[in-house]
Each structure stands twice: as structure tokens, then as C-alpha cells.
1. Quick one: if the Förster radius is 56 Å, what FRET efficiency do residue 86 and residue 411 give, using the C-beta to C-beta distance and rounding to 0.05?
2. Can you tell me which of 337-343, 423-429 comes out highest on packing, and rank the rest after it, using the mean Cβ neighbours within 10 Å?
3. Please give the calculated 222 nm ellipticity per residue for the chain, where each DSSP H segment of at least 4 residues contributes -39500 (n - 2.57) and the sum is spread over every residue; nearest 500 deg cm²/dmol?
4. Could you tell me what fraction of 2.2 N^0.38 Å the Cα radius of gyration of the chain comes to, as a two-decimal ratio?
5. Taking the convex hull of the Cα atoms, report for segment 224-366 its projected area averaged over all directions, in nm².
6. Can you tell me the order of 112-119, 413-420, 309-316, 365-372 when each peptide is scored by its average per-residue count of other Cβ atoms within 10 angstrom, highest first?
7. Starting from the Cα-Cα distance between residue 162 and residue 236, subtract it from 0.36 nm times their residue separation and give me the gain in nm to one decimal.
8. So, with +1 on the Cβ of K and R and -1 on the Cβ of D and E, and no other charges, what is the size of the charge dipole of the chain about its Cα centre, to the nearest 20 debye?
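Just so it is clear, none of the values below were taken in a lab; they were calculated from the coordinates. In this text, all values refer to a predicted model and were calculated from it rather than measured experimentally. Because the Cβ atoms are built from the backbone with ideal geometry, glycine has one as well, and the counts that use them run over all protein chains shown.
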Amino acid sequence: MSIAEIAAAAKVASIQLAGVKSDVKNKALAKIAEALRQNSAEIVSANKQDLADAGKSNLSAPLLKRLKFDEQKIADVFAGIKSLIKIDDPVGRTISATELDEGLELYKVSCPIGVIGVIFESRPDALVQISTLCLKSGNAVLLKGGSEARHTNKILADVICKASDNGGIPKGWLGLMETRAEVAEILKMDEYIDLLVPRGSNEFVRHIMDNTSIPVLGHAEGICHVYVDAEADLDMAVKIAVDSKCQYCAVCNAAETLLVDEKIAKDFLPRVKAAYEQKSVEIRGCERTAAIIDVGPATAEDWGREYLDYVISVKVVGGIDEAIEHINQYGSGHTDTIITADKKKAAKFMDLVDSANVFWNCSTRFSDGYRYGLGAEVGISTNKIHARGPVGMEGLLIHKWKLLGSGQIVADYSGSGAKKFKHKKLNKDCEL
């Protein structure tokens, strides 16, 4: 099938999928989880081929780690799907209800967006997360993963499609794109695709935004900050700074810049340097940092750089106001955290830092749909409309207005002697 035919099929499937009942979707998800486990040997074998090919092309160690999809990763996605099944169906939920007049009731009800096109990095577990989230939320999906994962993505898509077909889900709800040329084609398919979610570099996301009329949801880069305040518990600060950078450095919620209040810099920087050295982290610091610990110089470009590697830039700041100013200037609006015992400072930081996720005394790595209880995520959005932060099922939904009448006409509510609207809020679901 051509990509146009795949997209057209997804559009047809999306209309049917919007009406599929919760128990059918959940049974299909259970079949998908079981099929992934039953086909684990073939999936791991395909992934080993991708890893071998990537090794020949000198892919960096962090990116190889992201590409790896072994038995443990399969167990993780299996658990994620089981968790997703337990979540209440978000489709058809009454958001608000209003009695306009006797026998005339208006309901705002959640519904799927339609066809979601997701272009993502070489991370096979993302394919499983995205496709199952779309299924649960009643959306069809077109997927394009990184070319390094092409063998793994192909078998995963095949397994998921076969299992969902057996589970009663409309055929064609999931389509896999395999070439860059297909990405260029779908940017023109606004008659089939309702939303694009690109995941990748700033340059790539900007290219998508500039070359399509389809709405785009996503984020360009994850330039995340850890700010260690003068009132911080230094043991806690070291622990969080290390986890934010090192727990998994090749992802968008890993910290790229560490900001340190000048009042505790002499005590804190040697401690965090020792901890980073144990993890083989390269530190690039400002002049004030270099006056305290031995580090490489940080250039102006470092403050706005997403390393996705064991590298971090460090800056000594004059206090919380300078930290907030720095984050809002150089950050990407993704995730930023403050380490402090001062509740008022934490509140100020969380109010004034203009990011989708703002934390107090915890790692930036918590910025994740699964950890938020969203059942996984299709991506992270730094947009300020529709969805922001980890985009789980809520971000894959829109709403429609349902008006239930009993013969009313507008003419009765206009002109001389017009009837009056009640506009009375109701506490009830839309039931037909």
C-alpha cells in the first residue's frame, strides 16, 4: 500500500474506532500485551540486528541504550499496557452539562481527535506506548520511527496490528511509515491526518512546523535545569543532580544545566563534582564554577544545548531571581526543578519558571507520562494550547458538544416575547 492509501485507511478506521466500547479496547490491549510476550524472541532478534547495524555506524552509547529493546524492555511495556487497561476509558466522558431550558440539555463530551501522526526517535518502546495510548483513546495512528530501529519497529507494528485485529479493532487503525520520503508526503495530507506529534531535534521539529498545515503538538528540545538554592539540603541536592543527569541521559527530561546559588557553591560544587566523576560525567562550568572546581569552560552555546549525553553545564548564580531569569532565557519550557528547604522560594520558582513541568526537591526524570499515572505518553508538549507537559490520553482527546432537545427551535428564543434561557449547571452524564 502507498502511504496515501495507509493514511486513507487510518481515517476510515478512526471514525469506526471512536465508537468502539471500552471493554473491546481493553480486551484488544490485553491481546497486544500477550502477543508481545509470546513473540519476544523474534522481537529481540530483530532488535539485535538493528543494534548490530547501529554499532557499525558508530551510534553513541546513550543512543544505543535507547535503541535496545530486550526482554526487560518487553516486560516494561507489558506492565505499561496492563496499567493502561486499568485506567478508565477517557472517551465519552461528560466534561460539563448545562440545562439551557426545560427539555434542552447541552453536554460537553470528550472524544478522540481522529488520526494522529507521530514521528519519533529510534526508541522501540515508544512505538508500543504511542500505539496503545492511541488505541485506548480511540485514535488511529500513523507511526514513523528512527531508521536505526526499522527491523524492531516493523515486527512490533506487525504484532500489534495482528493482535488488535483479533481483538475486534477496526483494520487500518495503525500504519507504519518506513522512509523519510513518506514523512514528506504525510505533511501534505491534512485531509486524513488531524494532528502531528514530532519528537526530535529543534531543527527537525521546526522543519515539520514550517512545512505542514496540519496542527503540530510537541517540543523541540529538552533543556532541563536543576537549581540548587542556598537553603538546599546538600546531600539531597547531590542525589537529585546526579539522578536528573545520569539515570538516563539520552532522554528529553534529563538535566543539561546545573545552577548553584553562590552562597553554597564552595561547599556544594566539590561534592557534586565527585559524584559526577563516579558516573563519568563531563562538567563544563562558568568562570565562577572554574574558580572553585577544575572543569572545562562553558561557552555561551552550552547554556542552550541539549547534550543527551554524560555532559552537564554548571553556572553559579546570585540567587533565585538570576536562576529563574537564566532558565526562562535558555530553557526549552520542558522541565526544571528547584532544590530548597524554603517553601516560599519553591513557590516563587514554580510560579515564575515558564515551563510545562516545574518541580520541588525531586529529579527532572519524573517528567514522564507513565510516572504521572497517564498510562505512558505519546510525547512531551511545550505548547501552551490544548496539551502541555507529558501527553497521555488527555492530550489525545478533544471534545464535542451534544445538545439534547425535545422539539425546540431558535425562533422561540428571539424577538418579542422570547423565551428565556436557564443556563443551569447540571451534575449528570450525557446518557442516550
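1. Using R0 = 56 Å, I get an efficiency of 0.70.
2. Packing order, densest peptide first, comes out as 337-343, 423-429.
3. -12500 deg cm²/dmol
4. Ratio of Cα Rg to 2.2 N^0.38 Å: 1.11.
5. 6.9
6. So the order, starting with the most tightly packed, is 112-119, 309-316, 365-372, 413-420.
7. 21.9 nm
8. 1080
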